[in-house]
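Values quoted throughout were computed directly from the atomic coordinates according to the rules given, and no laboratory measurement underlies them. Remember, predicted model here, so these are calculated numbers, not experimental data. So basically every Cβ, Gly included, is an ideal-geometry build from the backbone, and we count neighbours across all protein chains shown.
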Amino acid sequence: MPLKDSLYWIKLKGKHLSDGIAFLFHRLTGLVILLYLYIHFAALSQLIGAQSTGGSNFKNFLKTVESPPFVALDILLFLVIFYHGANGIRLVINEFGIGTKKRQLFFWIMMALGIIGWILLSYVVVNAFLHS
Amino acid sequence: MTNQESIKGSIAPIAWLLQLITAIFMVFFLGVHLWIMHVEGSIELTVQAILQRIQNPWWKAFYIGFLLAVVYHGLNGLRGIIFDLGIKRKSLINGILWVIAIISIIYGIYLLYSI
């Protein structure tokens, strides 16, 4: 397959927001989440043996991540997750042939739900951080 | 519907179906995980609370299910992206991703039982 054809999903020209562009962002956010999974594994490895040691390594790690730059990164990660989740639910439902006739409307409903979820979770996390 | 938003044509039908099934499971697993860690846990996310939870066999089973779903969904999605690039050595890509998946699952389970 020629390279220009194989990269069809990454091109924006001539695509609708609720169609190809949403799918492009779905894939990009998927890659970010996959990368984060392995960063998460690395972070959790500091809990190995914590039952006997009391988890001093992880306590130090928690002190580092409970700081404004990491909270900001958490909020960004939540946005990535909520986008991927909301758009993913739409794609799964679409695969069953539901909501395909009103794609634009369905897309925006799912985006609205995703943004509401993101704002609520971000509020809880920021609030907890400010009061810790 | 247009096929621009589906990986149906990029991977085998069974892999596509499993991608949908794991997606549904992921909504549940990730939803519970985010709730426990950031809503309930936001009051006090401590090492003690994590250790206490992880000793519960039901939570262990939950996280093993989560691990299987997230590794399959993530790496199968990556496979769809790589295949869409037009790479011809699909068997090699499949092999590499299976090795990464197995190592990820073994390491994840090791983490659960070594904490």
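Modelled this way, with points 7 Å down the Cα-to-C-beta line, the labels at B:VAL99 and B:LEU17 are 3.0 nm from one another. A P(r) calculated from all alpha carbon pairs of chain B, with 5 Å bins opening at zero, reads 2, 10, 17, 19, 17, 12, 9, 7, 5, 1, 0 percent. Remark: region A:28-42, residue by residue, has Karplus-estimated 3J(HN,Hα) of 5, 5, x, 5, 4, 5, 5, 4, 4, 3, 6, 5, 5, 4, 4 Hz, where x stands for each Gly or Pro and the curve is 6.51 cos²θ - 1.76 cosθ + 1.60 at θ = phi - 60°.
Here is the P(r) of chain A: all C-alpha pair distances, binned every 5 Å from 0, give 2, 9, 14, 16, 16, 14, 10, 8, 6, 4, 2, 0 in whole percents. The calculated FRET efficiency for B:ARG89 paired with B:SER114, based on their beta-carbon distance and R0 = 30 Å, is about 0.25. A convex hull fitted to the Cα coordinates of region A:67-125 yields 59 cubic angstrom per residue. Its residue count N sets the reference 2.2 N^0.38 Å, and the alpha-carbon radius of gyration of the protein assembly as shown equals 1.08 times that reference. Look at A:LEU28, A:LEU130, A:LEU35 and count the other Cβ atoms within 10 Å of each Cβ; fewest to most, that gives A:LEU130, A:LEU35, A:LEU28. Given their separation in residues at 0.36 nm each and the Cα-Cα distance between them, A:ILE93 and A:ALA72 gain 4.4 nm when the chain is fully extended.
Fewest neighbouring Cβ atoms within 10 Å first, the residues A:SER45, A:SER132 line up as A:SER132, A:SER45.
Along its first, second and third principal axes, ordered by size, region A:27-83 spans 41, 23, 13 Å in Cα coordinates.
Ranked for footprinting exposure by Cβ neighbours inside 10 Å, fewest first, A:HIS131, B:HIS38, A:HIS40 give A:HIS131, A:HIS40, B:HIS38.
Ranking A:SER122, A:THR64, A:THR100 by how far each Cα lies toward the positive end of the dipole of chain A (charges on Cβ) leaves A:THR100 at the top.
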